[in-house]
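This structure is in structure tokens; I'll ask about it shortly.
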Amino acid sequence: MKILKNISLKTYNTFGIDVLAKQFVEVSTLDELTEILTLYPDFFILGGGSNMLLTKPIEKLVVKLNLKGIEESPSTTDDNSVFVSAFAGENWHDFVLWCLNKNYGGLENLSLIPGSVGACPIQNIGAYGVEVKDTITYVEALDLKTSKVVSFSNANCQFGYRDSIFKTSSKDKYIILKVTFRLTTKQHQLNLDYGAIKSELGSAINPSLSQISKAIIKIRSSKLPDPKDIGNSGSFFKNPVISNQLFKTLLKDYPNMPSYNMGGGKVKIPAGWLIEQCGFKGKRFGDAGVHSKQALVLVNYGKATGSEILQLAQLIESTVKNTFNIDLQTEVNIFS
Ligand SMILES: Cc1cc2nc3c(=O)[nH]c(=O)nc-3n(C[C@H](O)[C@H](O)[C@H](O)COP(=O)(O)OP(=O)(O)OC[C@H]3O[C@@H](n4cnc5c(N)ncnc54)[C@H](O)[C@@H]3O)c2cc1C
């Protein structure tokens with residue numbers, strides 16, 4: 001393992017923020033990981049860098065997880081299931097393609113989400129009516145207190161909307177090493193009701209998993225900026241969940257406010273709509289901006305610093321609060 005000094009993380013985060021890592025190492029095995037953590041107890045885990053905003057140089061050792069491998073075993077109780085385990089350093093979309101190539105169903109709607117397999121449970125990645133919690137059976141992780149590998153069942157992960165135990169009570173206590181999914185082999189349960197999937201599929205009556213994946217890739221590519229062209233971290237904020245009471249009050253002034261009834265007296269409001277109503281869509285402040293097609297995505301047009309993006313995020317938060325009395329929460333992990 002080679003420890004590099006003072007390297008730029010610009011190409012390691014999809015926002016394209018140019019900050020220095022004082023020390024940087026790539027690890028490919030569990031042994032390498034445990035060895036390095038013994039030597040450097042103060043570290044920063046980096047997956048694909050697609051859900052982080054870096055606002056200053058990183059003094060800790062940056063550990064890029066490159067643990068690779070995919071294993072499968074058929075279910076012994078159910079002839080329509082297969083268990084597939086992937087190591088943390090596998091690229092998420094490549095893993096989805098691997099599953100599609102085998103005609104294993106369950107992850108097709110999550111095509112083209114950037115990042116690594118290891119990070120997928122952390123915020124319970126989701127898109128087009130599917131969340132990764134629907135297929136995860138368990139997560140293996142290194143317990144940083146005991147240095148032992150432990151296993152979390154789906155229930156123990158405490159998954160929620162863009163949330164899990166790894167983002168809340170167990171934040172920074174584990175390094176996820178491997179994730180196991182239960183996928184379908186024959187009778188696939190397709191989720192086609194969300195957004196424009198059906199219209200993109202056109203006349204396909206019984207679409208294949210690959211056709212669904214291609215449709216989703218096409219829709220996503222037309223709506224979201226590609227980090228290779230414009231730096232971004234996808235949705236910057238979560239969609240806020242508000243009380244029915246506040247929703248009813250707001251409807252008087254904003255009768256067209258879109259909403260999704262969550263039950264239990266709660267309503268989810270698209271954060272992108274709120275941001276757009278506040279006039280931020282397409283706005284640019286130097287090289288930091290709000291994407292012109294999707295107000296939920298903050299972008300780096302080239303040389304924005306993490307602090308400039310953060311300032312813009314804070315301006316959006318306070319404007320939304322003053323306008324709607326709604327608190328926005330960031331989906332992106334901010335390191336400041
Ligand atoms: C264009 C674009 C579109 C996106 N679309 C979606 C979408 O549709 N749905 C969605 O849910 N998300 C989406 N995202 C967000 C992002 O893709 C996911 O959050 C992804 O899971 C992040 O993976 P990563 O490996 O890049 O994580 P990183 O950004 O590297 O890390 C995120 C956090 O997890 C920690 N971490 C990473 N790996 C591990 C590990 N193995 N063990 C412990 N901690 C770890 C890091 O320290 C950091 O705190 C999008 C992002 C972009 C840029």
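All of the numbers you see were taken from the coordinates with simple rules; none came from a lab. Source: prediction; values computed, not measured. Positions of Cβ are generated from backbone atoms using ideal geometry, with glycine treated the same way; all protein chains shown enter the neighbour counts.
Under a 5 Å amide H to amide H cut-off, with H placed in plane at 1.01 Å, what residues pair with residue 292 once short-range neighbours are removed?
282
Kindly provide the trypsin sites (Lys or Arg not before Pro) of segment 285-336 that DSSP labels as loop, not H, G, I, E or B, and whose Cβ sees at most 14 other Cβ atoms within 10 Å.
293, 303
Next question, about the same structure. In whole Hz, what ³J(HN,Hα) sequence does segment 27-34 give by Karplus (6.51, -1.76, 1.60; θ = phi - 60°), x for Gly and Pro?
Coupling constants for segment 27-34: 10, 10, 9, 5, 4, 4, 5, 5 Hz.
Round to the nearest 0.05 the FRET efficiency obtained for residue 204 and residue 80 when R0 = 22 Å and r is the Cβ-Cβ distance.
Efficiency at R0 = 22 Å is approximately 0.50.
Further, regarding this structure: Taking amide H positions as placed 1.01 Å from N in the peptide plane, with prolines and chain starts having none, which residues 5 or more places from residue 237, or on another chain, fall under 5 Å of its amide H?
331
Here's another thing I want to ask about it. For the pairs 64/198; 60/102; 56/167; 218/252; 145/223, note any where the Cα-Cα span goes beyond 32 Å.
64/198; 60/102; 218/252; 145/223
Still on this structure: I need the phi-derived Karplus couplings for segment 328-336: 6.51 cos²θ - 1.76 cosθ + 1.60, θ = phi - 60°, integer Hz, Gly and Pro marked x.
Values, residue by residue: 8, 10, 6, 8, 6, 7, 9, 10, 10 Hz.
Another question, if that's okay. Rounded, prolate or oblate, given the Cα gyration tensor of the chain, with a/c below 1.5 counting as rounded?
Oblate shape, in that a/c is at least 1.5 and b/c is the bigger or equal ratio.
Here is a further query. Starting from the amide H of residue 178, placed 1.01 Å from N in the peptide plane, find each other amide H under 5 Å away whose residue is 5 or more places distant or on another chain.
88, 140
Pop out the ³J(HN,Hα) list for segment 197-213 in order, Karplus 6.51 cos²θ - 1.76 cosθ + 1.60 with θ = phi - 60°, rounded to Hz; leave Gly and Pro as x.
In residue order, the calculated couplings are 4, 4, 5, 5, 6, x, 8, 4, 7, 10, x, 7, 4, 5, 5, 5, 4 Hz.
Could you list 236, 83 so that the one with the fewest beta carbons within 10 Å of its beta carbon is first and the one with the most is last?
83, 236
Can you pull out the trypsin sites (Lys or Arg not before Pro) in segment 1-89 whose DSSP state is coil and whose Cβ has at most 16 other Cβ atoms within 10 Å?
Here the trypsin sites (Lys or Arg not before Pro) that fit, given the DSSP loop and packing criteria, are 2, 68.
Select from segment 211-260 those trypsin sites (Lys or Arg not before Pro) which occupy a DSSP coil region and have at most 16 other Cβ atoms within 10 Å, ordered by residue number.
228
Okay, next question. Starting from 0.36 nm per residue, how many nanometres of slack lie between residue 228 and residue 333 once their C-alpha separation is accounted for?
35.8 nm
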